[in-house]
Amino acid sequence: MRNVKISAIGTYVPPRVLTNVDLEKMVDTTNEWILERTGIRERHIADPDTATSDLAVEAAKSALAQRGLDPAELDAILLCTVTPDHFFPSTACLVQHRLGAKRAWGFDLIAACSSFVYGLTTGAHLVGAGTHSKVLVIGADTMSRIIDYTDRATCVLFGDGAGAMLIEPAEDGEPGFVGFRNEIDGSGGDYLKMPAGGSRLPPSHETIDQRLHFVKQDGQAVFKFAVRRMHEISADLLKQTNTSAADVKVMIPHQANLRIINATADRLGLTPEQVVINIEKYGNTTAATIPLATMDAIQDGRLKKGDLVLFSAVGAGFTVGANLWRWAL
Ligand code: UT7
């Protein structure tokens, strides 16, 4: 496999902010409970006429502008999401058309909160194989569309947003892709899901009355799995690539819960300076958390060219993933 690098990044969040204090007026919750149990203060929410492709296009345009790249030069678009505009056509098709990425093929990639890590791995291999030169990986989710704002156990957790990273060939010795470990444990499928709307339980008056088109979660079961596996898969990847925790400049974890992130960092032996956390601003934006947190790390001066960065995530499925890259921007 030839060396590949992340050559551009762009992000976008919709302007409207929903704070914990706003949520206090909607459900039986408090700012204190949300902050203490999750680390979230506020999240961005899309307007009713904004869909996932709209967020994705903004993030993609920003990444392409950073690189000065004509969209027609893209070879493929990998659109990571659990909230596509439609089942089909794929959101990748909508974004390809809106960008004018005339030569690109692509597809939607569904791995819930791990999907951006899976997207980076897939993009690295398409470019690494020598068959593609420019692959745009986009993570975009409009979680507010599938959240029940009468259910306090889930509605406080999620937000909307998007991020994109461009993958291109790198010279030998240039910073780039180091390694990955991705897994599925499908035995956890029932712990976090949107029960209805697919071929198992198509939409009906009953599914709507029973509120089955919204995210349902056994929070504690997901929490326990996430704490254990996010640490284990990250540790396995470090071992596989002969990397010590001290070599990692920053870990950029999926942002689902501050306590999950801190427990993972502790178990890996990372210092607080090595861990990027921005959950307080955005909540859990599913496929977008990792690019959004990466952008914050760059803007804060914590991630620079040549630094080793560990991306790590656990999501519905269960899906689990970790990627190690040397940052090239
Ligand atoms: O990104 C995909 C992966 N998702 C995750 O990683 C999420 C993993 N899970 C979690 O982050 C946590 O389990 C939650 C944040 C969802 C919940 O935190 P918890 O500490 O596990 O709380 P809990 O579910 O055990 O609930 C504790 C109490 C319950 O009340 P009782 O039964 O003790 O009286 C809940 O009813 O907190 C109550 N509760 C709330 N209270 C105020 C649940 N949600 C709320 C709320 N406000 N929003």
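The values are calculated or read from the model by the stated rules, or taken from the named source; none is laboratory data. From a predicted model like this one, the values you see are computed outputs, not experimental measurements. Cβ: placed from backbone, ideal geometry, glycine included. Neighbour counts: every protein chain shown. These area figures cover heavy atoms from the full protein model, side chains too; ligands, DNA and RNA do not enter into them. Shrake-Rupley method; radii C 1.70, N 1.55, O 1.52, S 1.80 Å.
In this structure, Glu58 does not satisfy being within 16 Å of the ligand (Cβ to nearest atom), out of contact with any helix residue (DSSP H, G or I) (no Cβ under 8 Å at 6 or more places or on another chain) and modelled with pLDDT of 95 or more.
Screening Lys102 with (1) away from the ligand (no atom under 16 Å from the Cβ); (2) in a strand (DSSP E or B); (3) out of contact with any Asp or Glu (no Cβ under 6 Å at 6 or more places or on another chain); (4) not aromatic (Phe, Trp, Tyr) gives one miss only, at (2).
How do the strands (runs of 3 or more DSSP E) wholly within the range 1-82 filter down when requiring 1 or more residues that are more than 30 Å from Thr131 (Cα to Cα) and open to solvent by less than 20 Å² (accessible area, probe 1.4 Å): which remain? Write out each step before concluding.
Values: elements: 4-12, 17-19, 42-44, 76-80.
Correct list: 17-19, 42-44.
Kindly indicate whether Pro89 is outside the structural domain of Gly317 (by TED's automatic domain parsing) and either within 22 Å of Phe318 (Cβ to Cβ) or aliphatic (A, V, I, L, M) (or both). So Pro89 does not fit the description; no. Scanning the range 128-179 for residues that are within 16 Å of the ligand (Cβ to nearest atom) and polar (S, T, N, Q) turns up Thr142, Ser144, Thr150, Thr154. Within the range 180-207, the set of residues being of a type in the set (D, E, K, R) and either over 30 Å from Trp325 (Cα atoms) or more than 16 Å from the ligand (Cβ to nearest atom) (or both) comprises Arg181, Asp190, Lys193, Arg200, Glu206.
When the range 83-99 is limited to residues that are part of a loop (DSSP other than H, G, I, E, B) and touching a strand residue (DSSP E or B) at 6+ places or on another chain (Cβ under 6 Å), the one that is nearest to Leu192 (Cα to Cα) turns out to be Thr83. Inside the range 14-64, residues that are out of contact with any strand residue (DSSP E or B) (no Cβ under 9 Å at 6 or more places or on another chain) and either of a type in the set (Gly, Ala, Ser) or outside the structural domain of Cys80 (by TED's automatic domain parsing) (or both) make up a count of 1. Restricting the search to the range 161-211, which residues are buried (at least 17 other Cβ atoms within 10 Å of the Cβ) and touching a Gly at 6+ places or on another chain (Cβ under 6 Å)? Gly163, Ala164, Ile167, Ala170, Pro175, Asn182, listed by residue number.
Considered as a group, the residues in the range 292-313 that are in contact (Cβ under 8 Å) with a residue 60 or more places away in the chain, outside any loop (DSSP other than H, G, I, E, B) and not hydroxyl-bearing (Ser, Thr, Tyr) include one that is surrounded by the fewest Cβ atoms within 10 Å (Cβ to Cβ), and that residue is Ile298.
Kindly evaluate Arg259 against the criterion of being within 16 Å of the ligand (Cβ to nearest atom), open to solvent by 10 Å² or more (accessible area, probe 1.4 Å) and free of Cβ contacts under 8 Å to residues at least 60 places away in the same chain.
Details: within 16 Å of the ligand (Cβ to nearest atom): yes; open to solvent by 10 Å² or more (accessible area, probe 1.4 Å): yes; free of Cβ contacts under 8 Å to residues at least 60 places away in the same chain: no.
When the stated conditions are applied, Arg259 does not pass them.
For the range 262-287, taking the residues that are in a helix (DSSP H, G or I) and in contact (Cβ under 8 Å) with a residue 60 or more places away in the chain, the one that is farthest from the ligand (Cβ to nearest atom) is identified as Lys281.
Taking the range 228-256 as the range and being under 25 Å from Asp307 (Cα atoms), outside any strand (DSSP E or B) and within 16 Å of the ligand (Cβ to nearest atom) as the test, the residues that pass are Arg229, Met230, His231, Glu232, Ile233, Ser234, His254, Gln255, Ala256.
Name the one entry in Ala316, Ala288 that is open to solvent by less than 30 Å² (accessible area, probe 1.4 Å) and touching a Leu at 6+ places or on another chain (Cβ under 7 Å). Outline the logic, then answer.
On the way: Ala288 fails: touching a Leu at 6+ places or on another chain (Cβ under 7 Å).
Among Ala316, Ala288, only Ala316 is open to solvent by less than 30 Å² (accessible area, probe 1.4 Å) and touching a Leu at 6+ places or on another chain (Cβ under 7 Å).
Per the conditions (1) open to solvent by less than 10 Å² (accessible area, probe 1.4 Å); (2) touching a Gly at 6+ places or on another chain (Cβ under 7 Å); (3) of a type in the set (A, V, I, L, M, F, W, C), the sole criterion not satisfied by Cys113 is (1).
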